[in-house]
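One structure below.
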Amino acid sequence: MVIRNRCLDRQIGARLKQLRNQLGLRQWQVAEIVGITRSAYTSYELGRCALPLERVVQLAQLYHTTTDYILGVCESAAISHRQVFLQNGFSYK
């Protein structure tokens, strides 16, 4: 059973659109990069369907942001140097 929050889906979609526009990409280009149809990606941006976790991770990597930002947990889209080091398997002190 999937519990959906349409308001949250729309918020996530708005963030996806903002991030895509910042990179100057079209919806079909993003869809091709992450291996889905353009209509599926459009549905995510419009908040028509829930974004699967694996897609959240793929899109965060593509857009150089955090999954927390895409999901609305934090307001900053920036990735810290610490996060970059940790994502690449380095220790950070």
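Does the stretch 1-46 come out rounded, prolate or oblate, given a ≥ b ≥ c as the square roots of the eigenvalues of its C-alpha gyration tensor, rounded meaning a/c under 1.5 and, failing that, prolate meaning a/b above b/c? Please report the intermediate quantities before stating the final value.
Values: a/c = 3.01, a/b = 1.48, b/c = 2.04.
In terms of gyration-tensor shape, oblate.
Straightening the chain between His64 and Ser39 buys 6.7 nm, computed as 0.36 nm per residue apart minus the Cα-Cα spacing.
Highest mean first, what order results for 61-71, 41-51 on Cβ atoms within 10 Å? Write out the running numbers ahead of the final one.
Numbers: 61-71: 16.8, 41-51: 18.4.
The most tightly packed comes first, giving 41-51, 61-71.
Applied to the stretch 9-14, the Karplus parametrisation 6.51 cos²θ - 1.76 cosθ + 1.60 on θ = phi - 60° returns per-residue 3J(HN,Hα) values of 4, 5, 5, 4, x, 5 Hz, with x for Gly and Pro. Cβ-Cβ distance of Glu32 and Arg10, R₀ of 30 Å, FRET efficiency by 1/(1 + (r/R0)^6): the value works out to about 0.80. Backbone geometry of the stretch 39-44 corresponds, through the Karplus equation with coefficients 6.51, -1.76 and 1.60 at θ = phi - 60°, to 3J(HN,Hα) couplings of 5, 5, 5, 4, 4, 5 Hz, x marking Gly and Pro. Database remark: amide H of Cys74 closer than 5 angstrom to the amide H of Tyr69 (H placed geometrically; neighbours at sequence offset of 5 or more, or on other chains; Pro and chain starts carry no H).
Every number in this text was worked out from the coordinates using simple rules, so none of it is lab data. On a predicted model such as this, the values are computed, not experimentally measured, just so you know. Note that we place each Cβ from the backbone using ideal geometry, even for glycine, and neighbour counts take in every protein chain shown.
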